[in-house]
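The values are calculated or read from the model by the stated rules, or taken from the named source; none is laboratory data. It should be emphasised that the depicted structure is a prediction, and the values quoted were computed from it without experimental measurement. Cβ coordinates were reconstructed from backbone atoms using ideal geometry, including for glycine residues, and neighbour counts include every protein chain displayed. When the accessible area is computed, the model is the full protein with side chains, heavy atoms only, and any ligands, DNA or RNA have been set aside. Shrake-Rupley method; radii C 1.70, N 1.55, O 1.52, S 1.80 Å.
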Amino acid sequence: MAAACQPASKSAGTMTTYKIDPEVLSEVCNEVLEFSLDDGTMFREIRSRLAERYPGIVDPSERPWIGSRAGGVLGKLTLLYASLNEYLIIFGTPVGTQGFSGRYNHMQIWDFFVAGETSTCDLETDQIVPDIYGPGDTGFLDKGHSLTCEMKPGSWMIEYGRGPNITALPFALMDSLLSSVELKSFFLTMSEYSRFILRSFRGPG
């Protein structure tokens, strides 16, 4: 079940300008579905095609994969871009996982699914049948909402977050730091994030 993409460039009611367009991400998602996940070709194509569309913004190089546990959802991610009000990652799991989406009162999040199957359910409505997403579908989590989710083995997505990233960091990192006591992932995440933030200040080029 695909959710409609939201408008791209400016936040409603503000003058904040964003560099990443969800419609472009949806296009890239559908373009790479024919490529192999097993040998990493799909990931290389994602990086390359996004870097072509966003030169000097999206990093085409292969960055480290980082273990991530947030809301019980355990997977791995690699950063493609981050600024103070946007982030773009590849996220997924070879073995499957489930947990809580988080609630982001100041951010919107798009998930563009490229492999596997992910089910979600709104925790605060009478929904009893899950929304099921597969390759080519788009999921959207609006400000203030939350979901439970289950990712089947081999599920991967391009995830785009829009809004003040610092407000999401406690949820994104506290599971690794306090529950798993996974310091390596914590420090690697902060190192990569800081690298991209500094890069965004320098601008394209």
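Annotations
- Residue 138 open to solvent by less than 10 Å² (accessible area, probe 1.4 Å), within 27 Å of residue 94 (Cβ to Cβ) and out of contact with any Pro (no Cβ under 6 Å at 6 or more places or on another chain): yes
- Those strands (runs of 3 or more DSSP E) lying entirely in the range 38-117 with at least 2 residues among the aliphatic types (A, V, I, L, M) and over 21 Å from residue 202 (Cα atoms): 66-70, 73-82, 108-115
- Checking the stated criteria, residue 153 turns out to be within 19 Å of residue 98 (Cβ to Cβ) and surrounded by fewer than 18 Cβ atoms within 10 Å (Cβ to Cβ).
- Selection status of residue 163, crowded, with 16+ Cβ neighbours inside 10 Å, over 17 Å from residue 91 (Cα atoms) and at pLDDT 70 or above: yes
- Per this entry, residue 127 is counted among residues that are part of a loop (DSSP other than H, G, I, E, B) and polar (S, T, N, Q).
- Of all residues in the range 55-75, those that are out of contact with any helix residue (DSSP H, G or I) (no Cβ under 8 Å at 6 or more places or on another chain), of a type outside the set (Val, Ile, Thr) and surrounded by 18 or more Cβ atoms within 10 Å (Cβ to Cβ) total 2.
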